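So the structure is just underneath, and the comments pick up after that.
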Amino acid sequence: MVKNKDRMDSTDALEDLIKIQNTIIDGIGVLQFKISLDWIILDCNSLALKKLGYKNKKDLLGKPFISAIWTSSSALKAKKLLLRWKKTGSLKDEELQIKTLGGKVIDVILNVHTLYDKDSKGLYCISTLIDFSKFKSSDEEIMELSRFPSENPNPVFRVNNECQIIYANKPAKIIMQKLGIKDKKIPKKLIDSVMGSARKGNDDLIALELKIGTSFYIFSIVKVKHSDYYNIYANDITNIKRSEKSEQKKEKEKILLTDRTYIARELHDTVTQTLFSANLIAEVIPKLWKKDPKGVVKRLNEIRMLNNAALTEMRSLLFGLRPDTFKGEELGDLIKELVKSIGIKSKIPISVRITKKYGYSSKIELSFYHIARESLNNIVKHSCAKKARLVLKSLPNKISMEIDDDGVGFDTKDIYYEDLGLIIMKERATIIGASFDLKSVPGKGTKIMVTYNNKGREHE
């Protein structure tokens, strides 16, 4: 009983201390909240009600501390802070924004402290919010002024609503000389941007890129609030543009080299090998002509099938290098040709089932075609399969493809994905927003599933 009485006396003393603190805080402009350990508002001081626009406490109490007062952007930060508070029991000097019932945004500094009983058990939290909006606006004004000194190494102009230059620092005057400006009238492109901003009453930043002589500049045009003039800040980006041009040139050369390597590898691995096989058969035909006429017919059929396979492989290569050639082609027909070509070379029976009730963009269908080709080539090279299956469904709500085999399979944790081209297949799926799933078990084959959901998307 004595211990319980001591705890009650301690808690009552704490409550009295909080009441005294509230009285003091009301007088110095601090919003204070008493919140539960799960961050529900239990109480607040009168200034908090006034600032937030509430008339009665009952309209605010019982609401979640995060969603009730914070702006949407600060609510995300507050959720992260809540996790930190759970570990440390306090938060110190965190900048956030609260919202009033009237929609006004107030910048505040948040501090949270947890109160504990004698057994170190948390009772509730005291959250104090210091309104520093006035200080922040003053800081912004100072920053605005600091952007406009005469010694600024970058060109700076000030222009009125009549598009007359009323101020130009030394670097800006050099630009004026390059443009041949003598009557303080700004260039036409800048006039159009400034006048467009004035007509719309737009105070936001406008950026305009101009080439002046051999130099490139970015002009940032800012309407000065509560005034009839604009500030124009120029930044010389000539070196950046030259660097970008150099990087673009390097990137183009890299792409060309990659394409050449790709063409050489694909021609060697597919078309060349197929034509080589057809040529070997053709060399045997003259020797068989008199001895085995029926065998000659069989060989001729083999040459025809190999040539068809080479043609399919060449078309596949063209689709990879020039995707525009894919337009107008039926995905189902192309996949059937692909399966037929791979089946001829590998002697692996591959069943195909295609359901098409909806046509997708060439970009999406081409990605599915490439994934099918990579997957089927993997089956031929690595699976030791006796049979394989491809199912393609092109429906209004989604397009999906399943490819499986009864081969040796593998442990997905141990395999090097790049060896099987799996990374490339996953990237192709990711680019179009499709899912890519792989399932494989040693001794039980492999299955690949690709799905593009069309629900809620515009037709591409």
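The values are calculated or read from the model by the stated rules, or taken from the named source; none is laboratory data. What you see is a predicted model, and the numbers here were worked out from it, not measured in a lab. Please note: Cβ atoms are built from the backbone with ideal geometry, for glycine as well, and neighbour counts cover all protein chains shown. We work out accessible area using only protein heavy atoms, side chains counted, and drop any ligands, DNA or RNA first. Shrake-Rupley method; radii C 1.70, N 1.55, O 1.52, S 1.80 Å.
Tabulated results
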read-out: Label-point gap, in nm, between residue 72 and residue 220 - each point 7 angstrom along Cα→Cβ; value: 2.6 nm
read-out: Rounded to whole Hz, the Karplus (6.51, -1.76, 1.60) HN-Hα couplings of segment 173-181, x for glycine and proline; value: 5, 5, 5, 4, 5, 4, 7, x, 7
read-out: Gain upon complete extension [residue 116, residue 275; 0.36 nm per residue less C-alpha separation]; value: 48.9 nm
read-out: Cut-off 20 Å (backbone N to label point 7 Å along Cα→Cβ of residue 42), residues of segment 107-124; value: 111-124
read-out: Accessible area per residue in Å² at 1.4 Å probe, computed on segment 330-460; value: 53 Å²
read-out: Pairwise FRET efficiency - residue 294 versus residue 453, Cβ, R0 = 41 Å, nearest 0.05; value: 0.15
read-out: Protection proxy ranking of 350-363, 157-170 - average other beta-carbon atoms within 10 Å, highest first; value: 157-170, 350-363
read-out: Gain in span if fully extended, residue 340 to residue 86, counting 0.36 nm per residue against the direct Cα distance; value: 85.2 nm
read-out: All lysines inside 29 Å of residue 250 as judged from Cα atoms, apart from same-chain residues fewer than 8 positions distant; value: 211, 241, 363, 426
read-out: Spacing of the two label points (7 Å from each Cα toward its C-beta) at residue 285 and residue 109, in nm; value: 9.1 nm
read-out: Restraint check, 336/439; 63/104; 178/225, Cα-Cα greater than 26 Å; value: 178/225
read-out: Calculated FRET efficiency for the pair residue 363/residue 303, C-beta based, R₀ 30 Å, to 0.05; value: 0.25
